1. Take Leu111 and decide whether it is closer than 20 Å to Tyr181 by Cβ and modelled with pLDDT of 90 or more.
2. Among the strands (runs of 3 or more DSSP E) confined wholly to region 1-102, which include 2 or more residues that are touching a Gly at 6+ places or on another chain (Cβ under 8 Å) and modelled with pLDDT of 80 or more?
3. Would a scan of region 5-14 turn up a residue that is touching a residue at least 60 places away in the same chain (Cβ under 8 Å), surrounded by 14 or more Cβ atoms within 10 Å (Cβ to Cβ) and of a type in the set (A, V, I, L, M)?
4. Within region 224-244, restricting attention to residues that are among the polar types (S, T, N, Q) and at pLDDT below 70, which residue is least open to solvent (accessible area, probe 1.4 Å)?
5. Could you please find all residues in region 15-27 being more than 9 Å from Glu60 (Cβ to Cβ), open to solvent by less than 70 Å² (accessible area, probe 1.4 Å) and within 18 Å of the chain's Cα centre (by Cα)?
6. Might you let me know whether region 56-70 holds any residue that is closer than 20 Å to Met252 by Cα and touching a Pro at 6+ places or on another chain (Cβ under 7 Å)?
7. I'd like the residue in region 112-128 that is within 13 Å of the chain's Cα centre (by Cα) and open to solvent by 10 Å² or more (accessible area, probe 1.4 Å) and, out of all such residues, is farthest from Asn85 (Cα to Cα).
Amino acid sequence: MGAKAIDPQTIRNVTIIGDPDATTRVAHLLRRRSGRPGSGTRATVVWTTGRVEHTIRIAELTSHAPIADLERSIRVADGVVAVVNAAANPTPRLETMFRVADDYQVARLCLIYGLDHPAADFDRCVRTIADTRGAVPLTLQIPIGADPTFEGVIDLLPLWALEPLAAELYGSHWEVAERWYGNLVKTVMEQAPSDPNASPARCDIPLDQLHHRIRYLTRIGDVVPVLCGATPTSDGIATLLDAIARYLPSPMDVCQPAHALDY
């Protein structure tokens, strides 16, 4: 029996960047999903999102690598996932990796972990991304509480469909979540190409349309979707894999003429 054919549009070649402890933890969780939990810097995960099977190839790159190697690896990546520790101040090398990705318009996601740590500061992490020129942080999840009362995260994208039940479901967190969600939709609508038929009213935007716009803006480097890491009941990897499949480009996207000078 021959090998199964893979649609190139469903392939995601992703490089995990960040401080060594952070990238090692995330890479380990991803390798466990692939069925190969051992050591190594590469893994392949087959993941279904939106009823489409994706082949996600993972490479790990820590900030301990020489600057020249960091720059070369990021420059040729199809997409990167930047792992940021919410309890630590950003290091110059991590900021360098952000800037290299921005310079070469490499599509990227950001995963903020360590939110259950006493020193965690989610807002500071978002500001770090915002301070990197050229890209707007697009918060897709927010933490509920902070250590020692950290309870988990709220997914912002589905919120519009939950009204009017959302206020009851999220209680005292609803007001904050609603504000973050409003900012998310506003950012997507402002960054997206003008459409005379588009409506800025958030309740008029189908969820699949939001996914499509976020993917486009991520691919061209205008936004950086931001996710939260592990919660008390989940390692968060399923959400990360969904975001990789939905928002990061396939090799076919990267090879489009608009990117020819970047790679």
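The values are calculated or read from the model by the stated rules, or taken from the named source; none is laboratory data. Predicted, not measured: the structure shown is a model, and the values here were computed from it. FYI the Cβ positions are ideal-geometry reconstructions off the backbone, even for glycines, and counts take in every protein chain you see. Ligands, DNA and RNA are stripped out before the accessible areas are found, and what is left, the full protein with its side chains, is counted by its heavy atoms. Shrake-Rupley method; radii C 1.70, N 1.55, O 1.52, S 1.80 Å.
1. In short, yes.
2. So the answer is 11-18, 79-85.
3. For region 5-14, residues touching a residue at least 60 places away in the same chain (Cβ under 8 Å), surrounded by 14 or more Cβ atoms within 10 Å (Cβ to Cβ) and of a type in the set (A, V, I, L, M): present.
4. Among those that are among the polar types (S, T, N, Q) and at pLDDT below 70, it is Thr231.
5. Matches in region 15-27: Gly18, Asp19, Ala22.
6. Scanning region 56-70 turns up no residue that is closer than 20 Å to Met252 by Cα and touching a Pro at 6+ places or on another chain (Cβ under 7 Å).
7. Here the answer is Val126.
Quick grid of which residues meet (1) at pLDDT 90 or above; (2) part of a helix (DSSP H, G or I); (3) of a type in the set (Gly, Ala, Ser):
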residue	(1), (2), (3)
Trp174	no, yes, no
Glu178	no, yes, no
Gly182	no, yes, yes
Glu190	no, yes, no
Arg215	yes, yes, no
Arg246	yes, yes, no
